[in-house]
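Student: Once you've had a glance at the structure underneath, I'll fire off some questions.
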Amino acid sequence: MSVGFDLQASTPAASPAPEFIALDDAQTMALQITTYFEGGKSMNYQAVADDSDHQATSFGLIQWNFGQDTLGPLLKQMLDKDGAVFASCFGPDADYDTLKKALVAGNQADEAKWARDRIKNKRIAWKEAFTKLGAVDAFNKIQLKQAKQDYHPMALAVIQDLREISPSLFKNIEFRSYAAIFDLCVQQGSLHEPKNGHKAFDKIKKRVKDEKPATQLEVMKIAVTERGRTAGAASRTDCISRRMGILSGASYKSTEGDSTSERKNPQLSLIGQFGVKCVSGI
């Protein structure tokens, strides 16, 4: 009597092939999420802040500023794109000629001096100029392109670090991971903190080795938590709440010591739609 053997039942089912989304779409959605965290409004091209953080002026989707010499080059792109429209955004009290001269010369100090002078003496004209710049579609396309160019290379560096730690789990990058990494790069720069070098990275590696997480999501939770814990005391829970919220697709309450933060963001609904899909080309 022969013994039957069910080959199908004894062979583990193959994992379904991952679904992919285009890199450009992933970048746009990541910006939709991060810009809400940054400015309280998603994709706020008109966001402008004064010199309260000692950056002279911060403007746009991801708050380019004169202090770190990121706003001047952005404005110069707008000037070069359409000088007449750019000039029309500045009213008679905005001292446009002084700003234009500084932008053309690439003089960061003079750009910042112009901004501080206008904020002090003609604040309404200063704010109206940036509000108008943020309403020009051609200039907003420059903002969107620049935001992607600024942060995607930084995100790739973080992905490379994570592939070093767990190559098999990071063969493909889920959108929720990419969005959390993008947000991390905007707020913290990388997995390597400037002052303490590799403190967070070393802790991430140790925890992954000890805990043996089975999924990309579990590794990401370790990574954003340990990197968040190396932030300044005032922003530690904010960093963790933002990234854990992105990974989970819902607001997340983070508590570190005596500090608690829970960042809400309606754009997290994108994680429910696209979170487990993978990003093409990375």
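Student: Right, residue 132: basic (Lys, Arg) and surrounded by fewer than 18 Cβ atoms within 10 Å (Cβ to Cβ) or not?
Tutor: Judged against the criteria, residue 132 is not a match.
Student: Also, quick follow-up: Restricting attention to the range 159-168, which residues are in contact (Cβ under 8 Å) with a residue 40 or more places away in the chain and of a type outside the set (D, E, K, R)? Talk me through it step by step, then tell me what you get.
Tutor: The initial filter retains those residues of the range 159-168 that are in contact (Cβ under 8 Å) with a residue 40 or more places away in the chain, namely 159, 161-162, 165-166.
Within the range 159-168, 159, 162, 165, 166 qualify.
Student: May I ask you to verify whether residue 267 is in contact (Cβ under 8 Å) with a residue 60 or more places away in the chain and at negative phi?
Tutor: For residue 267, the condition - in contact (Cβ under 8 Å) with a residue 60 or more places away in the chain and at negative phi - is met.
Student: Hey, another quick one. When you check residue 144 against the structure, is it surrounded by 14 or more Cβ atoms within 10 Å (Cβ to Cβ) and either free of Cβ contacts under 8 Å to residues at least 24 places away in the same chain or closer than 20 Å to residue 38 by Cα (or both), yes or no? Reasoning before the result, please.
Tutor: Numbers: surrounded by 14 or more Cβ atoms within 10 Å (Cβ to Cβ): yes; either free of Cβ contacts under 8 Å to residues at least 24 places away in the same chain or closer than 20 Å to residue 38 by Cα (or both): yes.
The answer is yes for residue 144.
Student: Go through 148, 132, 120 for me and flag whichever is basic (Lys, Arg) and under 22 Å from the mean Cα position of the chain (by Cα). Reasoning before the result, please.
Tutor: Numbers: 132 fails: under 22 Å from the mean Cα position of the chain (by Cα); 120 fails: under 22 Å from the mean Cα position of the chain (by Cα).
Among 148, 132, 120, only 148 is basic (Lys, Arg) and under 22 Å from the mean Cα position of the chain (by Cα).
Student: Sort through 27, 68 and tell me the only one that's within 21 Å of the chain's Cα centre (by Cα), open to solvent by 10 Å² or more (accessible area, probe 1.4 Å) and more than 22 Å from residue 175 (Cβ to Cβ).
Tutor: Details: 27 fails: more than 22 Å from residue 175 (Cβ to Cβ).
The match here is 68.
Student: Among the candidates 232, 245, single out the residue that is in contact with a Phe, Trp or Tyr (Cβ under 8 Å, 6 or more places away or on another chain) and either more than 25 Å from residue 26 (Cα to Cα) or free of Cβ contacts under 8 Å to residues at least 24 places away in the same chain (or both).
Tutor: Values: 232 fails: in contact with a Phe, Trp or Tyr (Cβ under 8 Å, 6 or more places away or on another chain).
None of the other options fit; the residue is 245.
Student: What do you reckon, is residue 38 acidic (Asp, Glu), part of a helix (DSSP H, G or I), closer than 22 Å to residue 142 by Cβ and open to solvent by less than 30 Å² (accessible area, probe 1.4 Å)?
Tutor: So residue 38 does not fit the description; no.
Let's see how each residue does on (1) among the acidic types (Asp, Glu); (2) part of a loop (DSSP other than H, G, I, E, B); (3) touching a helix residue (DSSP H, G or I) at 6+ places or on another chain (Cβ under 9 Å); (4) open to solvent by 60 Å² or more (accessible area, probe 1.4 Å):
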position: 84; (1), (2), (3), (4): no, no, no, yes
position: 87; (1), (2), (3), (4): no, no, yes, no
position: 102; (1), (2), (3), (4): no, no, yes, no
position: 124; (1), (2), (3), (4): no, no, no, yes
position: 127; (1), (2), (3), (4): no, no, yes, yes
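Student: Which of the residues spanning the range 41-65 are assigned to a strand (DSSP E or B) and surrounded by fewer than 17 Cβ atoms within 10 Å (Cβ to Cβ)?
Tutor: 49
Student: Quick one: in the range 148-160, of everything that is within 26 Å of residue 74 (Cα to Cα), in contact with a helix residue (DSSP H, G or I) (Cβ under 8 Å, 6 or more places away or on another chain) and not hydroxyl-bearing (Ser, Thr, Tyr), which residue is surrounded by the fewest Cβ atoms within 10 Å (Cβ to Cβ)?
Tutor: By that ranking, first place goes to 154.
Student: Could you tell me which of the residues 97, 80 is closer than 21 Å to residue 123 by Cα and part of a helix (DSSP H, G or I)?
Tutor: Numbers: 80 fails: closer than 21 Å to residue 123 by Cα.
Matching residue, one of 97, 80: 97.
Student: Follow-up question, since we're still on this one. Restricting to the range 245-260, what's the tally of residues that are open to solvent by 20 Å² or more (accessible area, probe 1.4 Å) and closer than 26 Å to residue 43 by Cα?
Tutor: Qualifying residue count, the range 245-260: 6.
The values are calculated or read from the model by the stated rules, or taken from the named source; none is laboratory data. The structure displayed is predicted, hence computed values, not measured ones. We place every Cβ from the backbone using ideal geometry, glycine too, and count neighbours over all the protein chains shown. These area figures cover heavy atoms from the full protein model, side chains too; ligands, DNA and RNA do not enter into them. Shrake-Rupley method; radii C 1.70, N 1.55, O 1.52, S 1.80 Å.
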